[in-house]
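Let me begin by presenting the structure, written as structure tokens, before commenting on it.
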Amino acid sequence: MTATLERPTTRPASARGRRPMRSRAVRHLKRLPVYLIVAVLLVVFVYPLVWLFLGSLKTQDEFLNDPTWSLPRNWLNFSNYTDAWSSVALYLRNSVLAVVPALLITIAIGTAAGFALEVMVWKGRGRVLLLFLVGILIPRTDDPAAPVHGLLQDRTLFEPVAAHHHLHGDGPAAHRFHDGDVLPIGPA
């Protein structure tokens with residue numbers, strides 16, 4: 001009881017998988033507008049980034065006096081980045097010290113309010129929920145973070161970074177809030 005396997009008849013290898021040259025050319029011609037659009041978008045989006053990076057490697061003298069299209073003389077001049085980071089680091093630290101406590105307070109109050117309004121059953125819950133929803137619908141015209149900032153400033157959470165300069169007046173730039181309080185945010 002043996003079975004013989006017959007090989008199926010196939011086309012020769014030269015005829016398999018080949019498309020006529022004309023159809024390939026037509027397919028590429030049909031894709032040409034897409035390729036051109038991608039190339040234009042690539043130039044529009046990437047060229048400004050390359051120009052910005054090359055400009056950041058120039059010294060101030062090169063940037064101000066040389067033509068715009070000139071390349072930097074020293075390709076390893078990263079002093080602009082160290083200068084920028086040294087001034088931004090203080091601002092970043094102040095922002096983190098202002099945002100993290102405000103965010104934690106907002107999350108704690110929001111979680112407690114959400115629990116009280118959604119899980120707990122108490123008289124007047126519907127009216128309070130309606131009051132919250134109406135409050136969300138009314139747009140604010142002042143700084144929405146002002147109440148949290150006032151709460152944090154009263155608790156002297158900003159003291160480690162900036163209150164020393166505020167009390168002693170020794171040179172940092174100041175940011176004026178809407179209520180007239182001054183909070184120094186970095187070197188002048």
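Based on what the data block shows, is F78 out of contact with any helix residue (DSSP H, G or I) (no Cβ under 7 Å at 6 or more places or on another chain) and touching a residue at least 12 places away in the same chain (Cβ under 8 Å)? Here the answer is yes, as F78 does meet what is asked. Just one of the numbered conditions (1) part of a helix (DSSP H, G or I); (2) surrounded by 10 or more Cβ atoms within 10 Å (Cβ to Cβ); (3) modelled with pLDDT of 90 or more is not true of P72: (1).
Of the helices (runs of 4 or more DSSP H) entirely within region 82-188, those holding at least 1 residues that are out of contact with any helix residue (DSSP H, G or I) (no Cβ under 6 Å at 6 or more places or on another chain), of a type in the set (G, A, S) and at pLDDT 70 or above occupy 125-137.
The values are calculated or read from the model by the stated rules, or taken from the named source; none is laboratory data. Remember, predicted model here, so these are calculated numbers, not experimental data. Cβ: placed from backbone, ideal geometry, glycine included. Neighbour counts: every protein chain shown.
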